[in-house]
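Asker: My structure is below; once you've seen it, I'll send some questions.
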Amino acid sequence: MAKGIDVGTMNIISGRQEGDETVFVQQRNSFVEIEHSDMAEQMLSRSDVLHIRKDDAVYVVGDDALNFANIFKQETRRPMQRGILSNDEKSAIPMMKLIIEQVAGEPSHHQERIHYSVPADPIDSNLSVLYHQKTLESFLQDAGYDPEPINEGMAVIYSELAENNFTGLGVSFGAGMTNVCLAYYAVPVMTFSIARGGDWIDEQAAQATGKPIDKVTSIKEDDFELDFRTDVGGVEGALAIYYENLLDYVVENIAREVDEEDIEEGLDVPVVVTGGTSSPRGFEALFADHLKDANIPFSISDVHSVDDPLYSVARGALVAARSEEGEDQGRPNRSEPVESSVSDEDDAEAEEAEASAEN
Ligand SMILES: Nc1ncnc2c1ncn2[C@@H]1O[C@H](COP(=O)(O)OP(=O)(O)OP(=O)(O)O)[C@@H](O)[C@H]1O
Ligand SMILES: [Mg+2]
């Protein structure tokens, strides 16, 4: 068995295969600190709410943080910011450890393989993902797993572009970041991230309209559509403006980064957009429109979104982990001795593809 886990700024989601079905476990990557009281103790002990008690404080972690924040009139806090561990949240490490342990669950056997998503280094900030990556690795090792990082954009290619021989452009529009990967037969040709995503849209729209960020987020997640018939001056109007601005910024950066690569002439690839921020109706068409106008040195056969954009990365990480364990057909099975020289070569190729996928 093997697992995949998507460690995101807003959602932490694991995936595992049970028969024909992929089973996902999900928690919100947030927590709330409440003062310890008898009432809190009672509420918590009667439920299976994820929490930690530390001195005079109780931390409620994950999905329940939002409910407790409302009841106790507190703000939720986030262990990650802009795609990686937050450096100004001192409780980030124990909270993330708890959520990851709960979402990953117990390994089904000692040293079960787990692929965990890691963003590419952002091109628009000097943040490095190395510390974040190594911290996640140690959480998963402590939980009894054999962890392996997978680039978030590459995970999108694994999950959404199998039918196209793992060739195409995958873009994951998350909360803290946007991750981009261009892959050619499962080999990443270009991976990068941009330190902007749904959180940035919310912050900008909140600032423009004077509304609290949480309010803006819930309007956006409720039934917001990118149809541009929305009211000028309202929250939806502001959301539409910043959505379009984010897309412009992403497309501009794709054009610039691709330009620096040695792209094969006549390349014609599909583009897949996913991640929570790609959810609103109209997103795919708007992105396709902006791409058409950009100066990109390859042609795009089509742009499509996915049905369940929150799960793409977890699913892709699972595909990578399983194929490495040889559970998938068509890839060499490492748990069995390699007998012919042909399989040997296949194995080396697969290893090479995987090694570059992780960089
Ligand atoms: N229905 C929806 N409409 C609009 N936005 C949504 C919707 N559902 C979720 N989002 C937004 O999607 C983002 C979360 O997406 P996702 O879970 O893909 O991000 P993440 O993986 O946690 O973050 P990252 O990859 O940036 O670290 C948030 O900004 C959230 O507000
Ligand atoms: Mg993500």
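Asker: Only residues in segment 266-283 that are within 11 Å of ligand 2 (Cβ to nearest atom) count as the first member; pair them with residues that are modelled with pLDDT under 95 and hydrophobic (A, V, I, L, M, F, W, C), Cβ under 8 angstrom, at least 6 apart or cross-chain, and list the lot.
Answerer: Final answer for the pair search is none.
Asker: Follow-up question, since we're still on this one. Tell me, yes or no, whether segment 178-194 has at least one residue that is free of Cβ contacts under 8 Å to residues at least 60 places away in the same chain, within 16 Å of ligand 2 (Cβ to nearest atom) and in contact with a helix residue (DSSP H, G or I) (Cβ under 6 Å, 6 or more places away or on another chain).
Answerer: Taking every residue of segment 178-194 in turn, none turns out to be free of Cβ contacts under 8 Å to residues at least 60 places away in the same chain, within 16 Å of ligand 2 (Cβ to nearest atom) and in contact with a helix residue (DSSP H, G or I) (Cβ under 6 Å, 6 or more places away or on another chain).
Asker: Given the conditions (1) surrounded by fewer than 19 Cβ atoms within 10 Å (Cβ to Cβ); (2) touching a helix residue (DSSP H, G or I) at 6+ places or on another chain (Cβ under 7 Å); (3) not in a loop (DSSP other than H, G, I, E, B), report the number of the one that Leu247 does not fulfil.
Answerer: Looking at each condition in turn, Leu247 falls short on (1).
Asker: Mind listing whichever residues of segment 200-231 are surrounded by 16 or more Cβ atoms within 10 Å (Cβ to Cβ), charged (D, E, K, R) and either touching a residue at least 40 places away in the same chain (Cβ under 8 Å) or not in a helix (DSSP H, G or I) (or both)?
Answerer: Correct list: Lys211, Lys220.
Asker: Look through segment 1-27, keep the residues that are within 24 Å of the chain's Cα centre (by Cα) and free of Cβ contacts under 8 Å to residues at least 40 places away in the same chain, and return whichever of them is farthest from ligand 1 (Cβ to nearest atom).
Answerer: It comes out as Asp20.
Asker: How many residues are surrounded by 15 or more Cβ atoms within 10 Å (Cβ to Cβ) and part of a loop (DSSP other than H, G, I, E, B) when one looks only at segment 106-123?
Answerer: The qualifying residues number 4.
Asker: Also, I was wondering about something else. In segment 88-125, what count of residues is obtained for those that are without any contact (Cβ under 8 Å) to a residue 24 or more places away in the chain and either of a type in the set (Phe, Trp, Tyr) or farther than 18 Å from Glu203 by Cβ (or both)? Even if it seems obvious, please write down each step before you answer.
Answerer: Step one: of segment 88-125, the residues without any contact (Cβ under 8 Å) to a residue 24 or more places away in the chain are 88-90, 92.
Filter again for either of a type in the set (Phe, Trp, Tyr) or farther than 18 Å from Glu203 by Cβ (or both), leaving 90, 92.
So the count comes out to 2.
Asker: Being of a type outside the set (Lys, Arg), at pLDDT 95 or above and more than 16 Å from ligand 1 (Cβ to nearest atom): is that true of Ile99 here?
Answerer: When the stated conditions are applied, Ile99 does not pass them.
Asker: Six or more apart or on different chains, Cβ under 8 Å: which pairs go from a residue in segment 135-152 that's more than 25 Å from Phe192 (Cβ to Cβ) to one that's surrounded by fewer than 24 Cβ atoms within 10 Å (Cβ to Cβ) and of a type in the set (Asp, Glu)? Could you list them?
Answerer: Phe139/Glu101; Ala143/Glu101; Ala143/Glu106; Gly144/Glu106; Gly144/Glu112; Tyr145/Glu112; Asp146/Glu112
Asker: I would also like to ask the following. Taking segment 263-280, which residues are assigned to a loop (DSSP other than H, G, I, E, B) and more than 9 Å from ligand 1 (Cβ to nearest atom)?
Answerer: Answer for segment 263-280, where residues must be assigned to a loop (DSSP other than H, G, I, E, B) and more than 9 Å from ligand 1 (Cβ to nearest atom): Ile263, Glu264, Glu265, Gly266, Leu267.
Asker: Sticking with this one: Among the residues of segment 131-183, write down those that are within 17 Å of Tyr311 (Cβ to Cβ), aromatic (Phe, Trp, Tyr) and part of a strand (DSSP E or B).
Answerer: Scanning segment 131-183 gives a single hit, Phe173.
Asker: Sticking with this structure for a sec: Enumerate the strands (runs of 3 or more DSSP E) found wholly within segment 1-97, keeping only those where 3 or more residues are away from ligand 2 (no atom under 16 Å from the Cβ).
Answerer: Correct list: 11-18, 21-28, 31-35, 51-54, 57-61.
Asker: Run down Val25, Val49 and say which single residue is surrounded by 15 or more Cβ atoms within 10 Å (Cβ to Cβ) and at pLDDT below 95.
Answerer: Just a single option satisfies the conditions, and that option is Val49.
The values are calculated or read from the model by the stated rules, or taken from the named source; none is laboratory data. It should be emphasised that the depicted structure is a prediction, and the values quoted were computed from it without experimental measurement. Virtual Cβ from ideal backbone geometry, glycine too; neighbours counted across all protein chains shown.
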